[in-house]
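**Student:** First, the structure itself, so that you have it in front of you.
The values are calculated or read from the model by the stated rules, or taken from the named source; none is laboratory data. These numbers come from a predicted model, not from an experiment. Surface areas here come from the heavy atoms of the whole protein model, side chains and all, with no ligands, DNA or RNA. Shrake-Rupley method; radii C 1.70, N 1.55, O 1.52, S 1.80 Å.
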Amino acid sequence: MKFLPMNFVNNLVYMAAGMIGIFLVMGVVILLTYALNKLFSKKSDDQ
């Protein structure tokens, strides 16, 4: 088995794409949670 450091550099593009995908999915989940909370929260007259 050969150690080729350039392969790590070449794979950084795929690692970056995966990280961006993770952050996008997290953002969508956060926005959906916020929207559902605003939509279905009961308004209280005390506040």
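**Student:** Taking segment 32-47 as the search range and keeping residues that are assigned to a loop (DSSP other than H, G, I, E, B) and open to solvent by 100 Å² or more (accessible area, probe 1.4 Å), which one is modelled with the highest pLDDT?
**Tutor:** My answer is 42.
**Student:** Within segment 14-31, take every residue that is open to solvent by 100 Å² or more (accessible area, probe 1.4 Å) and hydrophobic (A, V, I, L, M, F, W, C) and give me the one that is farthest from the chain's Cα centre (by Cα).
**Tutor:** Only one residue tops the list, namely 15.
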